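Please read the structure below before turning to the comments.
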Amino acid sequence: MRSYKYVGKPIPRQDVSKVFGDAIYAYDVKLPGMLYAKLVGSRYAHARIKGIDLSGALRVPGVVRVFAGDDFPFKVGLYAADRDVLARGKTLYYGQPVAGIVAETLQAAEEAAELIEVDYEPLKPVLTIEEALSPDAPIIHEEMSKYRHASFVYPKPGTNIANYLKLRKGDVSEGFRKADVVVEGVYREPLISHAYLENWVGTARVFHDGTVEIWSSHQSPFAVRHLLAASLGLPEGKVIVHHTFTGGGFGGKAGLLLEHIPVLFSMRLGGRPVRLELNREENFFFMAQRAGYLFRMRTGATKEGKLVAHYGEYYLDAGAYADYTVNIGRSVGFVPTGPYEIPNIHVDSVTVYTNKVPTTAFRGFGMQEMHFAFEQQMDKLAQELGIDALELRLRNAIVPGKSYLPTQVRVREDAGDPAGTMKRAAELIRLGKEIKKPKEPWKFRGVGMASFWKGPVQPSNAASSAIVKVNEDGSIDVLVGTGEMGQGTINALAQIVAEELGIPVEKVRVSPARSTDSVAYTWQTVGSRGLFSEGQALLRAIDDLKNQAKEIASLVFRVFRDEVEVSEGKACVKGKPWECITLAEMALGYTLPNGRAIHGPLIGRGSHVPSQTTYLDPETGKGEPKPFMTFGTGAVEVEVDLLTMRVKVLKAVTVLDTPVINPGLALGQVYGGAVMGISITLNEELKVDPEGRLLNPNFTDYKVARAEDIPDEMVAEFLGVGQKNAPYGAKGIGELTMIPWPAAIANAIHNAIGVRINELPITPDKLLQAVMRQRPELLEALEKELLEAS
Amino acid sequence: MVEAVKLSRHNLFNTHIIPVNFKYFAPKTLNEALELLDKYGKEAKILAGGTDLLVKMKMRLVEPKYIINIKGIRELNFIKDEGNQVRIGALTRWRQLEKSELIKNFFPSLYDAVKVMGGTQIRNMATVGGNLCNASPAADSAPPLMVLNAKLVLASKKGEREIPITQFFKGPGKTVMEPDELLKEITIPKPEEGSGSAFIKVARTSMDLAKISAATALKVEDRKIVMVRIAIGSAAPTPVRTPKTEEALIGQPFRPSIIREKVKLVVNEISPIDDVRSTAFYRKEVSKIIVEDALLISYERASRR
């Protein structure tokens, strides 16, 4: 990457308000006369509601109103409108809101919540993918045929299938006939939680003219606006969504969350402001979590190590609502393998309803889970073929410009450098080299790698826009619609403006707070798309601004526009750096010596839409699904303690192909992604009892890695191979950083002790069982060695 | 045991921190506290650090009518060296134990436990008495105090009694304390010359509750084991000593192979369950391993003294 003044430099975050405690979050927004809402959760995972008695709650002093399901006889949702506002007729998961209380104080609302009596008739809960698909399974969504679905979602009413996706490339039977080696595998991941720090909160008010205002904790203000408007039948222009700092989202705050609840309550209460704030336990029940996964795979290769066929049955356990998860089912279906060219692919990806907590997007959007399965297939193939794990990957890696995607379109020539990341990561982890043996005979070390790719999963027309304004002092305000949740996109955007206009980055402000009625539109802040999409819109806006500056200078100096250049915050006649006008001088237009003014305020606008992505064929999946793919490889060295079965990650290596705008913030993403990925691999799981009750809706028993559990060594490199239409070549990395870890760790454990783990989390309990089953001789040998040693 | 969500009767998700009305007292002296317990003991709960009680209240596992906050009783916060024994006031914070040279030098097993109990914030709030009276099978202080032969002084308006810690626990959340009694202090005899002790905890992450834990104390003379005590946490309804294993080890030469063979007996002396943190199978398998490790560390420490 060529050298720039601001781009590519580790410039610290411009906004430091979090450090000083000045940052405003949605929780901090309190309105005069505000009422408090409280939701009451179902005590059964699956039950008919025979009756509900609200009278006790209504008698509590301070209670203003109590709502139940029938008050809101419609469903809400993005891709599959399958959500009741409050349960109507039936509850679909343990904890589903069945009633809502609005009171003058939170205390009164809580007291009233205790007094709501629901008469349930318990039904058999459906708790696993296998149960949900069995022919005699109870049907969870009995009226699925009446639901509103996005055009690309293929549900099967009368079953528990929320979406059924088919991907077909080549002829898979023919492919398997050519295969010399075929490996099979079944892989599972449980439901998990995003475990973001900030619980959800939303405060809404409705004006007498019908204008709705809401402050809430979300990722994508414009998606909240659109879905609120669409769900409640409001005009978009009358819905104003305010975005503050978001205390972590990781996909869990994409789309519409619970915003409709305080809005609906406020509407029914003459517009009085209503606030719904969740505590940690409620957040586990009322907010969507991440789906569980089951992969059945068969992958074939020739003895030369060429992949020739892949067959897969992929299942997502979406819980009670599949609103967002149907799209994740598409994501793993369209990108069903690692970053390799395979001529023959046959994959069915099925999103299934169960009576568990609803699920939604999660950092990686299915790619971490799919790679957990597929990258173990690769290591198994390498072992069967007697080919080095790196070599097998290199022989099959996507070649930009030559290879074809699973969706049958040719990979663009500047797509990146998959093979480069594989080689470098293998080198950094010393794959295939001798590993230092720990002195304790019960400790075993191993290394493993996992390559990956991912791009945003979005509608083919997911748009972005940007506005750039010049202030009187020559400083710049940038208006974009992307959400700020700690990922740092707004900092990168400021660096781009500074670079393009040649002004200090301190003079560029991209506010972290924004409202939908006062910034430029962006579809969503998801899919690692922010920098790529807003960045392109912003570059066009800067171009627009520069053209205006050139126009003014051309009038003032009586030259053609193309004789003017903009740099160092000035528009100058080329070759005459003394004939210049500064941005400050023309911020509000330029005043000529005789007092006449020209042009007026400088304001640039730019738009972006991924013009090259297309719809995908419903029968085969053929089409261009993504505007970019970031390629990378992760590798780890682990130490397995064969006595306690604890796995420690000693070293974690990340190599990504893309250049980055801010290497400091990018490293932050890499470290955070690695810790999150390792935590998911070793600890995290939402557990339910046989009745479907969530057993660990808290951080006492939903275990997330602590500071001490971070690897001793984390290494990251960015190869700087950019895509031409990306801003300064930079593709997204936010989600990418957490994709490889489960697969890499599983491969490293196999490298260390020859035991294959195909189910997350890899707890000591599970590893003990696996070792006893797969390699009992290891334990016997260790026992013998320990006895002899003494 | 897998009752993680036994919340309130009507609204399972209403987990506000103070869900029911109660009367609150904050006595400043032990006598005041004992008076209050005498009056309200049956319906009262003692609040010391609150790190266990508030969680239980929040989840409606307890709904006390009276709360007696004893945190202000200064006379119960001390660590005193009395020559042949050390006395620890029930309200001593874990952080104080962590910073005490006395604890570190004489009771290394207790010190091991202190270092892995919660994070600094929890150790600043939590009291050693509260950890014991909460009577969790996973209480980090219990196994070390059991192998150190600690005694507990229980006080009531009627007087005081002293019991060995091994007789204190009755079941999960249950102790032998009468409703009018308060744990006043813990006395630990200084370990005999040439002995050593250790504590090991296996947990899901750092700063976590134990999947399983073990403490040992050991003395070896002329290469023979002359004293050994073993206690295991999170493997039975209460923390337990393992007398049969101890008996089998006494008189044996201290050789790793012999230790390895004999500690296998601990499996018969525990009755672990499957729960949200671990499985009975794992707990059994690993109990013997951490007991063995703790014994080896105890031995090393004994020889260093």
Worksheet entry | Condition met for residue B:196 (farther than 24 Å from residue B:133 by Cβ and in contact with a strand residue (DSSP E or B) (Cβ under 8 Å, 6 or more places away or on another chain)) | yes
Response to the item:
Residue set B:14, B:21; condition in a loop (DSSP other than H, G, I, E, B), modelled with pLDDT under 95 and buried (at least 20 other Cβ atoms within 10 Å of the Cβ); output residue B:14
Worksheet item: So, in the stretch A:265-296, of the ones that are buried (at least 24 other Cβ atoms within 10 Å of the Cβ) and of a type in the set (A, V, I, L, M), which residue ends up nearest to residue A:24 (Cα to Cα)?
Response: A:276
Worksheet item: All but one of (1) within 12 Å of another protein chain (Cβ to nearest Cβ); (2) more than 24 Å from residue A:253 (Cβ to Cβ) hold for residue A:121; which doesn't?
Response: (1)
Worksheet, complete the sentence: Checking A:659, A:663 in turn, the sole residue that is in contact with a Leu (Cβ under 9 Å, 6 or more places away or on another chain) and at pLDDT 95 or above turns out to be A:659
Item to complete: Test residue A:688 against the stated conditions and say whether it is within 14 Å of chain B (Cβ to nearest Cβ), on the phi < 0 side of the Ramachandran plot and in contact with a strand residue (DSSP E or B) (Cβ under 7 Å, 6 or more places away or on another chain).
Response: yes
Item to complete: Go through the stretch A:502-521 and count every residue that is touching an Asp or Glu at 6+ places or on another chain (Cβ under 9 Å) and within 28 Å of residue A:5 (Cα to Cα).
Response: 11
Worksheet item: If we scan the stretch A:460-479, do we find a residue that is surrounded by 23 or more Cβ atoms within 10 Å (Cβ to Cβ), in the same structural domain as residue A:539 (by TED's automatic domain parsing) and in a loop (DSSP other than H, G, I, E, B)?
Response: no
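Tell me the strands (runs of 3 or more DSSP E) entirely within the stretch A:565-646 that contain at least 3 residues that are surrounded by fewer than 19 Cβ atoms within 10 Å (Cβ to Cβ). Give the steps one after another, and end with the answer.
Working: elements: A:570-573, A:576-582, A:603-608, A:630-641.
Qualifying strands (runs of 3 or more DSSP E): A:576-582, A:603-608.
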Discussion item. I want to confirm something. Restricting to the stretch A:264-282 and keeping residues that are under 26 Å from the mean Cα position of the chain (by Cα) and within 15 Å of residue A:215 (Cα to Cα), which single residue is farthest from the other protein chains (Cβ to nearest Cβ)?
Written reply: A:276
Worksheet item: Which residues, taken from the stretch B:266-305, are modelled with pLDDT of 95 or more, assigned to a loop (DSSP other than H, G, I, E, B) and away from chain A (no Cβ under 14 Å)?
Response: B:270, B:271
Worksheet item: residue A:694 versus (1) touching a Lys or Arg at 6+ places or on another chain (Cβ under 8 Å); (2) at the interface with chain B (Cβ under 10 Å from one of its Cβ atoms); (3) closer than 27 Å to residue A:379 by Cα; (4) modelled with pLDDT under 95: which is the lone unmet condition?
Response: (3)
Worksheet item: Failed condition for residue B:244, given (1) outside any loop (DSSP other than H, G, I, E, B); (2) within 14 Å of chain A (Cβ to nearest Cβ); (3) out of contact with any Pro (no Cβ under 6 Å at 6 or more places or on another chain); (4) not polar (S, T, N, Q), with all others met?
Response: (2)
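Every residue, every condition in (1) touching a residue at least 24 places away in the same chain (Cβ under 8 Å); (2) farther than 23 Å from residue A:284 by Cβ, yes or no:
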residue: A:100; (1), (2): yes, no
residue: A:111; (1), (2): yes, no
residue: A:123; (1), (2): yes, no
residue: A:127; (1), (2): yes, no
residue: A:137; (1), (2): no, yes
residue: A:150; (1), (2): yes, yes
residue: A:176; (1), (2): yes, yes
Response to the item:
Heads up, the strands (runs of 3 or more DSSP E) in the stretch A:1-117 (entirely inside) with at least 2 residues that are small (Gly, Ala, Ser) are A:35-41, A:47-53, A:97-103
Response to the item:
Checked the stretch A:709-735 for anything in a helix (DSSP H, G or I) and either modelled with pLDDT under 95 or within 22 Å of residue A:371 (Cα to Cα) (or both); matches are A:709
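Evaluate the following for residue A:242: is it within 21 Å of residue A:75 (Cα to Cα) and of a type outside the set (A, V, I, L, M)?
Details: within 21 Å of residue A:75 (Cα to Cα): no; of a type outside the set (A, V, I, L, M): yes.
Answer is no for this residue.
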Worksheet item: Does residue B:179 fit the bill of being surrounded by fewer than 21 Cβ atoms within 10 Å (Cβ to Cβ), farther than 15 Å from residue B:131 by Cα and away from chain A (no Cβ under 14 Å)?
Response: yes
Item to complete: Specify the residue that is nearest to the other protein chains (Cβ to nearest Cβ); the eligible residues are those in the stretch B:49-74 that are in contact with a strand residue (DSSP E or B) (Cβ under 7 Å, 6 or more places away or on another chain) and hydrophobic (A, V, I, L, M, F, W, C).
Response: B:53
Item to complete: Could you tell me which residue of the stretch A:636-680 is farthest from the other protein chains (Cβ to nearest Cβ), considering only residues that are polar (S, T, N, Q) and within 17 Å of the chain's Cα centre (by Cα)?
Response: A:669
Response to the item:
The lone condition residue A:706 fails out of (1) modelled with pLDDT of 95 or more; (2) surrounded by fewer than 18 Cβ atoms within 10 Å (Cβ to Cβ); (3) within 14 Å of another protein chain (Cβ to nearest Cβ) is (1)
Worksheet item: When you look at residue B:228, is it under 30 Å from residue A:679 (Cα atoms) and either of a type in the set (A, V, I, L, M, F, W, C) or more than 14 Å from every other protein chain (Cβ to nearest Cβ) (or both), yes or no?
Response: no
Worksheet item: Got at least one residue in the stretch B:249-265 being surrounded by 22 or more Cβ atoms within 10 Å (Cβ to Cβ), in a strand (DSSP E or B) and away from chain A (no Cβ under 14 Å)?
Response: no
Worksheet item: Within the stretch A:735-790, which residues are within 14 Å of chain B (Cβ to nearest Cβ) and either at positive phi or among the β-branched types (Val, Ile, Thr) (or both)?
Response: A:762, A:763, A:771
Worksheet item: Residues in the stretch A:490-509: is at least one surrounded by 20 or more Cβ atoms within 10 Å (Cβ to Cβ), assigned to a loop (DSSP other than H, G, I, E, B), in contact with a helix residue (DSSP H, G or I) (Cβ under 9 Å, 6 or more places away or on another chain) and modelled with pLDDT of 95 or more?
Response: yes
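The values are calculated or read from the model by the stated rules, or taken from the named source; none is laboratory data. Being a predicted model, the structure only gives us computed values, none of them experimental. Please note: Cβ atoms are built from the backbone with ideal geometry, for glycine as well, and neighbour counts cover all protein chains shown.
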